[in-house]
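Here is the structure we will look at, set down as structure tokens.
Where a number appears in this text, it was derived from the coordinates with a stated rule and is not lab data. Keep in mind that what you see is a predicted model, and the values were worked out from it rather than measured. No Cβ is skipped: glycine too gets one built from the backbone with ideal geometry, and neighbour counts run over all protein chains shown.
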Amino acid sequence: MNELIKTFKQKDGSVAVDGRDLHDFLEVETPYRIWIQRMIEYGFTENVDFAGFEQKSTKPQGGRPQVNHALTLDMAKELSMIQRTDRGKQARQYFIAMEKQAKQIVLPQTPEEKITLLLQNANEGNKKINQIDNRVKDLEHNKPLTPGEYNYISHAVGGAVNTYVQTHHLILTGKQRGKLYKDINGGIKQIARIQTRAQLREKDFENVDRYIRNWVPSTATILIIKQLSEPVASNEG
């Protein structure tokens, strides 16, 4: 089989995939060191699914050694599937073909052995598919909002505040209006369990949008705004 992606044998005889070569083949735009750390966070374990090592820099001018990783075939297949690209599909099929070539297949002899083998393969396949699906869903749900979605939330917040002010025929100072923004943004942070609005994730979008549409300021905020409208008592007299 022609080598599509660089692999090498480890001391225990298992086949490992070159992390940087896989990254290049998948045509990932994110720099390798950032991309691989994000991928590792999807549930892979060091010295089980991968091992890091240093190698000479590939830059013509040389430089500091660069970090690379030896990935198991299973991890390489999952990373390929997560990319959801034609390149990812091609890489995954390549790794599956490598596994078939490397394994020494013992054919079952009796009907019972055939049934047992079929059930085992089905269970293992279902487990792997479920694991990959869960990781892909987790990846999608934890994606930051797109610029368009973030702008939508920002405009929705401003619209909700303006609607409240107009509906109640209020004439507010900048400080009073700021209290309304603080109220609505505070609710958003509580719902999404974040510190700043910039931390919003894809999974939070619908709940936050629903909250904004139904938002009314708290009683405390309304009283504070009213207090800011009251004239300060004079000490003269």
J(HN,Hα) series, the range 189-200, from Karplus relation 6.51 cos²θ - 1.76 cosθ + 1.60, nearest Hz, glycine and proline x: 5, 5, 5, 8, 6, 10, 9, 9, 5, 5, 8, 4
For labels at THR163 and ARG197 in the simple 7 Å Cα→Cβ model, what's the distance in nm? 1.6
Is the range 6-85 rounded, prolate or oblate when judged by the Cα gyration tensor, a ≥ b ≥ c being the square roots of its eigenvalues, rounded requiring a/c under 1.5 and prolate requiring a/b larger than b/c? oblate
Under a crude label model (7 Å from the Cα following the beta-carbon direction), how far is LYS6 from THR173 in nanometres? 6.6
With r defined as the distance between the Cβ atoms of GLN101 and VAL48 and R0 fixed at 22 Å, what FRET efficiency is calculated, to the nearest 0.05? 0.40
Two pseudo-spin positions, 7 Å from Cα along C-beta at LYS226 and at ARG64, lie apart in nanometres by 6.1
Of the listed pairs LYS77/LYS203; LYS89/LYS143; LYS11/LYS100; LYS77/LYS100, those with alpha carbons more than 18 Å apart are LYS77/LYS203; LYS89/LYS143; LYS11/LYS100
